[in-house]
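J.: I'd like to ask some things about the structure below.
The values are calculated or read from the model by the stated rules, or taken from the named source; none is laboratory data. These numbers come from a predicted model, not from an experiment. FYI the Cβ positions are ideal-geometry reconstructions off the backbone, even for glycines, and counts take in every protein chain you see.
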Amino acid sequence: MFNKIPFSRVNWITSIFLITTALLAVTAVPIYLWHFGIDWFQFGMFFFYTVITIMSITLGYHRLYSHLAFKAKWPVKLVTLLFGACAFENSCFDWTADHRKHHKHVDHDDDPYDISKGFMWAHIGWLIFKMRPEEPVDNVNDLMRDKLCMWQHKYVHWIGFVLGVVVPTALAYMVQPTWQYALGGFLLAGILRIVVVQHCTFFINSLCHTIGKRPYNTENSARDSAIMAVFTCGEGYHNYHHAFQHDYRNGVKPWQFDPTKWMIWVLSKLGLTSNLRRVSDEKILLAEMREACRQADKVKAIEPAAALSDKAMEAFHDFSQRLTDSYNELEQAISNKVSVSRQAMAQWQKETREFVRHVSVINRQLQSPA
């Protein structure tokens, strides 16, 4: 992919920043730790800065500004804009413009980080060759009316440098006034934290469009990854997010790790966020059932009679028909705005999961050598 792009398109400022910080993270940081070690204050500052920077991207840049999944009062906006700048992923204005374009054109040429152009393009290549959204930037008119957002857009690099690099260095020096300790603050809470946060974010664009499950929609490349959810404060449930992008939640199941969702909910109880948008359980289940039916149709299209016994095929078709009937019943109930009992929902959810497992077994049988 990269060899098809003119050398003149390289964004040298972005490229030098990404390469320099990465090199410092893998060379200077280990050397520092070898000679001086790390104490609880340095680790705590690194951990605090990492979490609040990632959360500012996920809660602020992503769910609040890009998808309008909830409303927030100015203190929440201010904090997320300030620490979002510390990620050095550009301003919220530019980030949102790119991200909205990604959702509108996912997996196509107009997708800024189109995974079909390769893993490395989606991960970091698109930044090396393009930093600002291409003109015209016509999908963020709402942000133009947000004074805080436009203030951050104007001063984003200064904010990121002062708050994200100078402040942790100065705090370290105040705790222990030696150049070694100040250097630790600069390298750990500054440089290493920037690299960690950036690549966690980049992996959503690359890894979460490559590896994982697609329980809600297989018509695009977005995938759910519980592992990435841990490193990105809940953003790893990317297949759900692409299916229901305006939901303030990414992890909707009780067992799914989504601290950004929990933070938004807590802030709503404190009166700092409101109008939390969420998709109904019925529509979520309907999407799962629709995808299960779609997978059943793919199995049928293979004509697996030669690979499966008549009894197995009969059981599969019976199971598939029951799921289709349940899907139609639920779809009709949603269309007619008829409430569905919790017992029926639980039964349909159980049937869907069993059928998905059943299809997985059949697919393995079909793929195994005769």
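J.: Filter the helices (runs of 4 or more DSSP H) completely within segment 225-296 down to those with at least 2 residues that are not hydrophobic (A, V, I, L, M, F, W, C). First the steps, then the outcome.
T.: Working: elements: 226-231, 238-243, 259-269.
Because the criterion is at least 2 residues that are not hydrophobic (A, V, I, L, M, F, W, C), the helices (runs of 4 or more DSSP H) in segment 225-296 that meet it are 238-243, 259-269.
J.: Here is a follow-up. Please find, within segment 18-53, the residue that is farthest from Leu183 (Cα to Cα) out of those that are of a type in the set (Phe, Trp, Tyr) and surrounded by 17 or more Cβ atoms within 10 Å (Cβ to Cβ). Break it down into steps so the answer makes sense when it comes.
T.: First, pick out the residues of segment 18-53 that are of a type in the set (Phe, Trp, Tyr): 32, 34, 36, 40-41, 43, 46-49.
In the following step, the residues that additionally are surrounded by 17 or more Cβ atoms within 10 Å (Cβ to Cβ) were identified as 32, 46, 49.
Values: Tyr32: 8, Phe46: 13, Tyr49: 16 Å.
Taking the candidates together, the pick is Tyr49.
J.: A further question on this structure: Name the residues in segment 148-175 that are surrounded by 17 or more Cβ atoms within 10 Å (Cβ to Cβ) and among the small types (Gly, Ala, Ser), would you?
T.: Gly160, Gly164, Ala172
J.: Taking only segment 297-313 into account, find how many residues are in a helix (DSSP H, G or I) and either of a type in the set (A, V, I, L, M, F, W, C) or modelled with pLDDT of 90 or more (or both). Let's see the steps before the verdict.
T.: Taking segment 297-313 first, the residues in a helix (DSSP H, G or I) are 297-301, 304-306, 310-313.
Now narrow it down to the ones that are either of a type in the set (A, V, I, L, M, F, W, C) or modelled with pLDDT of 90 or more (or both): 299, 301, 305-306, 312-313.
Selection size over segment 297-313: 6.
J.: Take the residues in segment 256-301 that are under 15 Å from His241 (Cα atoms) and among the small types (Gly, Ala, Ser), then tell me which one is surrounded by the most Cβ atoms within 10 Å (Cβ to Cβ).
T.: Ala287
J.: Turning to a different aspect of this structure: Any residue at all in segment 179-192 that is in the same structural domain as Gln245 (by TED's automatic domain parsing), free of Cβ contacts under 8 Å to residues at least 24 places away in the same chain and in a loop (DSSP other than H, G, I, E, B)?
T.: no
J.: Determine whether segment 64-79 contains at least one residue that is under 18 Å from the mean Cα position of the chain (by Cα) and among the charged types (D, E, K, R). Spell out the reasoning first.
T.: Looking only at segment 64-79, we keep the residues that are under 18 Å from the mean Cα position of the chain (by Cα), and these are 64-70.
Now drop any that are not among the charged types (D, E, K, R), which leaves none.
No, because not a single residue in segment 64-79 is under 18 Å from the mean Cα position of the chain (by Cα) and among the charged types (D, E, K, R).
J.: Can you tell me which residue among Asp111, Asp138 is of a type outside the set (Lys, Arg), at pLDDT below 95, crowded, with 19+ Cβ neighbours inside 10 Å and part of a loop (DSSP other than H, G, I, E, B)?
T.: Numbers: Asp138 fails: crowded, with 19+ Cβ neighbours inside 10 Å.
Residue meeting the stated conditions: Asp111.
J.: Let me ask something else about it. Considering only segment 313-366, state which residues are among the β-branched types (Val, Ile, Thr) and under 18 Å from Arg290 (Cβ atoms).
T.: Let us first name the residues in segment 313-366 that are among the β-branched types (Val, Ile, Thr), namely 324, 334, 338, 340, 352, 356, 359, 361-362.
Answer for segment 313-366, where residues must be among the β-branched types (Val, Ile, Thr) and under 18 Å from Arg290 (Cβ atoms): Thr324, Ile334, Val340, Thr352, Val356, Val359.
J.: For residues that are β-branched (Val, Ile, Thr) and free of Cβ contacts under 8 Å to residues at least 24 places away in the same chain, tally how many sit in segment 262-281.
T.: Of the residues in segment 262-281, the ones β-branched (Val, Ile, Thr) are 264, 266, 273, 279.
After this cut, where a residue has to be free of Cβ contacts under 8 Å to residues at least 24 places away in the same chain as well, the list is 266.
Residues that pass the stated criteria total 1.
J.: Right, next: Sort through Asp111, Asp146, Asp138 and tell me the only one that's under 19 Å from the mean Cα position of the chain (by Cα) and either of a type in the set (D, E, K, R) or in the same structural domain as Ile31 (by TED's automatic domain parsing) (or both). Walk me through how you get there before you give the answer.
T.: Working: Asp146 fails: under 19 Å from the mean Cα position of the chain (by Cα); Asp138 fails: under 19 Å from the mean Cα position of the chain (by Cα).
Checking each option against the conditions leaves just Asp111.
J.: Only residues that are among the β-branched types (Val, Ile, Thr) and either touching a Ser or Thr at 6+ places or on another chain (Cβ under 6 Å) or part of a helix (DSSP H, G or I) (or both): list them for segment 316-342, please. Show your work before the answer.
T.: Our first condition is that a residue be among the β-branched types (Val, Ile, Thr); within segment 316-342, this holds for 324, 334, 338, 340.
Listed by number, the residues that qualify are Thr324, Ile334.
J.: If I filter segment 329-369 down to residues being at pLDDT below 80 and not polar (S, T, N, Q), which single residue comes out as surrounded by the fewest Cβ atoms within 10 Å (Cβ to Cβ)? Step through it out loud before you land on a result.
T.: Start the filter on segment 329-369 by keeping residues that are at pLDDT below 80, which leaves 358-369.
Okay, now just the ones that are also not polar (S, T, N, Q), so 358-359, 361-362, 364, 366, 369.
Values: His358: 20, Val359: 19, Val361: 12, Ile362: 21, Arg364: 9, Leu366: 13, Pro369: 3.
Top of the filtered list is Pro369.
J.: Is it the case, given these coordinates, that Ile211 is closer than 26 Å to Trp121 by Cβ and part of a helix (DSSP H, G or I)?
T.: Details: closer than 26 Å to Trp121 by Cβ: yes; part of a helix (DSSP H, G or I): no.
Taking the combined requirement at face value, the residue does not satisfy it.
J.: Right, here's the next one. Taking the condition touching a residue at least 12 places away in the same chain (Cβ under 8 Å) and surrounded by fewer than 19 Cβ atoms within 10 Å (Cβ to Cβ), does Met120 pass? Write out each step before concluding.
T.: Numbers: touching a residue at least 12 places away in the same chain (Cβ under 8 Å): yes; surrounded by fewer than 19 Cβ atoms within 10 Å (Cβ to Cβ): yes.
So Met120 fits the description; yes.
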